[in-house]
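Here's the structure, in structure tokens; my notes come after.
The values are calculated or read from the model by the stated rules, or taken from the named source; none is laboratory data. As the structure is a prediction and not an experimental result, all values here were calculated from the model. Cβ placement follows ideal geometry from the backbone for every residue including glycine, while neighbour counts extend to all protein chains displayed.
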Amino acid sequence: MIARLSRELFAFDRPETRGELWHFKLYETFLVGTMVFWAWDWSRSIQRTAAVVKPLGIAAHVDISPMFSSGLSLLNAGLISAGAVLGYLRVAPRLGYTAAFLGFHLQYVSRYSLGEICHASNFVGMGVLALAAAMWVYPGAPERRKFAMGASFFFIGLAYASAALSKLVASGPLWIDGRHLWLWIGEKSLDAYSKYGTLELNPLQRAALGSRAFATLILGTGLAVEAAGLLLWFRGARAPVALLCIAMHLGIHFAMNILFDMSIYHLIVLGLPWAPLFERLLGRVATASLLRISRLGGSALSAASARDSRPDIAR
Amino acid sequence: MNGELGLRGVRALGVLSLVGVALLATHLGEFWPYSIYPMFSVAGRPWRRAIAREVSDVPAGELWQTRTVETLAGRAFPVAEHGIPQIDFTEYVNHSPRWDAARVAGLRALFATPLRTQALLVYEVRGDVDDDGTAHTRAEPVVLLEPTRSELRPEPAATSLLGGALPVGAFPGGEVPGGPR
């Protein structure tokens with residue numbers, strides 16, 4: 001069981017391909033870039049905050065109010081960025097990624113102290129934690145890469161399954177009753193009204209409000225897809241499950257006006273089969289280079305042969 | 001060798017998971033980046049949201065009436081156009097069972113830029129849906145924010161939708177006199 005899980009998540013039993021290496025670099029760049037962007041973006045909101053309404057994470061234990069009135073959030077964004085660069089360039093990967101992760105936690109609890117619990121950054125945070133852990137657990141670069149990717153699939157799969165389980169625990173199997181979707185459509189339409197000043201339902205929302213059975217089908221499908229998220233642990237199921245989760249997020253967007261855009265980007269970068277695609281592209285590049293070399297070599301040979309056949313050229 | 005590497009990885013995942021479970025169990029299911037992801041887990045509850053309206057031209061006598069979403073006083077005030085995160089605004093209102101000076105000051109800080117020139121009325125909207133899918137809404141005005149003063153809903157000792165006692169009277173510049181309200 002453990003051996004199977006380890007094989008599916010990390011695949012230490014076979015060598016890393018070039019495609020997998022480039023897929024990891026794409027994912028790491030996405031994680032680091034997003035973290036640094038949010039660190040600076042959040043610092044603007046933190047400076048507009050006046051009070052902690054809901055203490056989250058470490059804010060439940062220490063007073064984070066100095067983050068609001070001073071430039072501490074900017075300083076923290078700078079530290080997160082420095083840590084990210086040290087980790088990304090492998091100058092000090094353990095210290096860099098660990099410091100960036102801890103600073104990112106402080107930035108998150110400062111940004112979301114007004115009452116909203118925002119899950120958009122949890123996947124990115126988990127990815128950065130996986131990177132930091134990989135640097136501590138393994139000395140070798142390929143093993144670090146495999147662990148960081150595997151741990152990300154593990155926690156993201158667990159996150160989707162946990163969301164499904166939370167619904168079943170809190171509301172039971174009748175969570176899928178279409179009337180619940182009606183309530184959420186009303187709630188989120190009001191949010192959209194507050195946000196944009198217009199109150200309008202789209203065709204999917206009108207169809208869901210017009211048929212309880214259709215609304216129930218939407219919720220049932222969503223719950224099933226969330227539960228299937230656990231299959232992200234298994235190599236062969238990753239691409240289809242990632243696509244299903246992306247479709248579910250788009251469904252949530254159209255039904256309830258909530259766009260989990262970062263989760264969609266995360267699934268695209270992590271879950272789609274980039275490794276074989278990169279492998280094929282690299283193979284084509286290599287083939288083209290070989291052909292060019294052989295053509296160049298061929299012309300050079302022809303030129304040499306022509307030169308050799310000319311009697312006026314001194315040997 | 002490969003088995004040993006894999007075992008080390010599974011052990012590391014085990015440690016990270018145990019730390020996560022311990023943090024989640026002691027922090028109501030949320031300790032970033034760990035979460036039990038409970039959004040939308042509780043189904044079937046009537047909802048409560050917040051909305052702001054621009055009320056510079058609304059007569060004082062019409063401000064404090066309870067209305068439906070379709071008949072709110074004043075003009076639409078789309079918070080996104082003013083760079084105010086809508087969820088922050090709604091959660092702030094929802095998590096403010098008592099409107100004391102600090103809470104009003106926090107709300108004014110969120111709307112600092114538009115409040116230089118505009119008067120805004122913040123409503124708390126409660127909604128429900130009946131069995132044929134028709135939505136019913138009830139919007140209660142909570143606080144009036146003007147450039148130089150703030151005013152809470154004036155009904156004496158009325159009970160808020162959130163269960164707290166509502167305050168009485170007006171106070172300048174968002175500076176509510178001390179004491180719980």
- Task: Scan region A:141-162 and give yes if some residue there is modelled with pLDDT of 95 or more and of a type in the set (D, E), otherwise no.
- Result: yes
- Message: Given the criteria on the phi < 0 side of the Ramachandran plot, more than 9 Å from chain A (Cβ to nearest Cβ) and in a helix (DSSP H, G or I), does B:G20 qualify?
- Response: no
- Flag for A:A130 being assigned to a helix (DSSP H, G or I) and assigned by TED's automatic domain parsing to the domain that holds A:F30: yes
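The rows are residues; the columns are (1) under 16 Å from the mean Cα position of the chain (by Cα); (2) at pLDDT 95 or above; (3) in the same structural domain as A:N202 (by TED's automatic domain parsing); (4) not in a helix (DSSP H, G or I).
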residue: A:T221; (1), (2), (3), (4): no, yes, yes, no
residue: A:L232; (1), (2), (3), (4): yes, yes, yes, no
residue: A:L244; (1), (2), (3), (4): yes, yes, yes, no
residue: A:I258; (1), (2), (3), (4): no, no, yes, yes
- Pairs with Cβ under 8 Å, 6+ apart, first in region B:27-41 and at the interface with another protein chain (Cβ under 7 Å from one of its Cβ atoms) and farther than 18 Å from A:G127 by Cβ, second surrounded by 20 or more Cβ atoms within 10 Å (Cβ to Cβ) and hydroxyl-bearing (S, T, Y): B:I36/A:S162; B:I36/A:S166; B:P38/A:S166; B:S41/A:S166
- Item | In region A:113-139, residue nearest to A:I258 (Cα to Cα) [restricted to those that are facing another protein chain (nearest Cβ under 8 Å) and hydroxyl-bearing (S, T, Y)] | A:S121
- Query: Just checking, which of A:G115, A:G78 is on the phi > 0 side of the Ramachandran plot and over 21 Å from the mean Cα position of the chain (by Cα)?
  - Reply: A:G115
- Message: Among the residues in region B:8-19, are any touching a residue at least 24 places away in the same chain (Cβ under 8 Å) and either within 29 Å of A:G178 (Cα to Cα) or out of contact with any Asp or Glu (no Cβ under 7 Å at 6 or more places or on another chain) (or both)?
- Response: no
